[in-house]
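Structure record follows, encoded as structure tokens.
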Amino acid sequence: MDFINTLLLTLRLAAITTIILLVLGIPIAYRLAYSRSAWKPILEALVSLPLVLPPTVIGFYLLLAFSPNSGLGQWLQETFDLRLVFTFGGLVLGSVIYSFPFMVQPLQSGFEHLPAHLAEASYTLGKSSWTTLWRVLLPNIRLALLSGLVLSFAHTVGEFGVVLMIGGNIPGVTRVASIAIYDEVEALNFGEANRYALTLVLLTFVFLALFFRYNRRSQPWISW
Amino acid sequence: MDKLVSSLNCTLHLRDGQRSFELDVDFHLAAGELLALSGPSGSGKTSVLRILAGLESRAKGRLVFQGQVWQDHAQQIFLPPQQRSIGVVFQDYALFPNMNVRQNLHFALLKHESTALIDELLDVMDLKDLARAFPRELSGGQQQRVALARALVRRPKLLLLDEPLSALDTQMREHLQQYIQELHERYALTTLLISHHPEEIQRLAQRVLVMEKGKIIGEVIPAEERKKGFLLRAIWMGTVDGMAQVQLGDNILRTVNHTFVNHTGVAHILSAYFFTIAKIVCVFVAVSVAVLMF
């Protein structure tokens, strides 16, 4: 039962993280792609930071920021009754930050590679920026969208450092598959560790195979 | 101001690669007129079109279209493209790749608006058989016709064409010139056409404004030249004494603001070359003599 629970928790974390990233990533990638601001390189660096930082660094600072002893942690606890350390909510927040570039970068690149005048043509046809985004831009970057979704999901399933730092290892609450493997190996339960590991390998493989199958079948409207 | 006349008077700081310059234009556009803008690339023609379309909000000045203020920097008025009665054909056509021909046109309709105009436009532009085709399946000329048809779905008063035929071969260009002419008359449009091609301008435009480095430096009325027996051969051939030159007929060059006329143009250029060569020869002889003497 613990095995199933841990896997379900992992998939739930990955799914929620991916949905949140999709909602946040689209407007941010859109802004970054079309921005001419002097701040753009700084924003891009911030977005990409989780790519190069060791996950434990991110986890460490999140732990410091949200611990009940810190000002922010205390304020969240008192005002919203929200505790982010060693809870599922904290895991989601850490995963969103950690997988951020994996959603934003493909989307930004997708927007940047669209023909220059598509959005402007839509405006001159009387359409709002919202309609333009929904009906013109997003449908034409659907491969980039799919890449963002797959990468964010897979990356969240595979994360370890951030999750361990901010979530710990509470079965049924914050214990995800990657931590369970580590835990079982440490306890010399190689059989159980193998069960987790093999399931992750199979899941990820099926997931990626489906992605590539779709990728090959769908004719890209705009090639890049 | 007269409701039938539109005017644009504005400045805008432009950057073209390394150099930057000031766009500074002031011109009128009569209702129903087909006005061409010509000049070397980087002279600011497309920026003028973008200002008219509402795609360039940084411009300082005033734009009034047939009695309606579209842009007034001093009064902080700026109508976005959605609120201007315009149709734009971009140089790269900008058709939506995820929609077929009919869907591209349909996109421009308002909710619950009748599709009768779409059927009519598909018919006029000979696109009926291609209605279900996607842009990637169309030739350049076909894409161009779709872009033209799509630009007219909103029933605009002002049609803006940014070098619409430059990517097409000669035969296709002539064919599409007919379509442009027909649409301009049929839908009583006021049209601004950016073009480099003298024969295109000769055929379509009632008036040509020649631009260079952000300024309008001259005006040609093709019909008047035709009456005199001249045909436009080239619109912009460089500047002499700060004035742009137009080639009319075979050898007749003329500066477009009519300050000095006809055949002297060729002689002027030749004499300028001759004078420069003579100067170089003189300097060379003088230096050689000096070297030999010492």
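The table that follows gives values for the structure above.
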item	result
Test: A:LEU13 is assigned to a helix (DSSP H, G or I), closer than 30 Å to A:LEU202 by Cα and not acidic (Asp, Glu)	yes
Those residues of segment A:16-36 which are more than 21 Å from A:GLY90 (Cβ to Cβ) and open to solvent by less than 50 Å² (accessible area, probe 1.4 Å), in sequence order	A:ILE26, A:ALA29, A:TYR30, A:LEU32, A:ALA33, A:SER35
Residue in segment B:164-181 that is within 14 Å of chain A (Cβ to nearest Cβ), within 30 Å of B:THR115 (Cα to Cα) and among the aliphatic types (A, V, I, L, M) present	no
Residue check, B:VAL153 open to solvent by less than 10 Å² (accessible area, probe 1.4 Å), at the interface with chain A (Cβ under 9 Å from one of its Cβ atoms) and aliphatic (A, V, I, L, M)	yes
Positions within segment B:172-191 being hydrophobic (A, V, I, L, M, F, W, C) and either assigned to a helix (DSSP H, G or I) or open to solvent by less than 40 Å² (accessible area, probe 1.4 Å) (or both), in sequence order	B:MET172, B:LEU176, B:ILE180, B:LEU183, B:LEU189
Of residues in segment A:108-125 being under 22 Å from the mean Cα position of the chain (by Cα) and of a type outside the set (Gly, Ala, Ser), the one nearest to the other protein chains (Cβ to nearest Cβ)	A:PHE111
Among (1) crowded, with 20+ Cβ neighbours inside 10 Å; (2) more than 14 Å from chain B (Cβ to nearest Cβ); (3) not in a loop (DSSP other than H, G, I, E, B) - the single one A:VAL85 does not satisfy	(3)
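This table checks each residue for (1) more than 14 Å from chain B (Cβ to nearest Cβ); (2) more than 18 Å from the chain's Cα centre (by Cα).
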site	(1), (2)
A:GLY89	yes, no
A:LYS127	no, yes
A:VAL150	yes, no
A:VAL173	yes, yes
A:ASP183	yes, yes
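Yes or no, residue by residue, for (1) outside any helix (DSSP H, G or I); (2) closer than 24 Å to B:VAL89 by Cα; (3) open to solvent by 20 Å² or more (accessible area, probe 1.4 Å):
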position: B:LEU193; (1), (2), (3): yes, yes, no
position: B:HIS196; (1), (2), (3): yes, yes, yes
position: B:GLU199; (1), (2), (3): no, yes, yes
position: B:ILE216; (1), (2), (3): yes, yes, yes
position: B:GLU224; (1), (2), (3): no, no, yes
position: B:GLY229; (1), (2), (3): yes, no, yes
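The values are calculated or read from the model by the stated rules, or taken from the named source; none is laboratory data. If you're wondering where the values come from, they're calculated on a predicted model, not measured in any experiment. Cβ: placed from backbone, ideal geometry, glycine included. Neighbour counts: every protein chain shown. Ligands, DNA and RNA are excluded from the accessible area calculation, which covers all protein heavy atoms including side chains. Shrake-Rupley method; radii C 1.70, N 1.55, O 1.52, S 1.80 Å.
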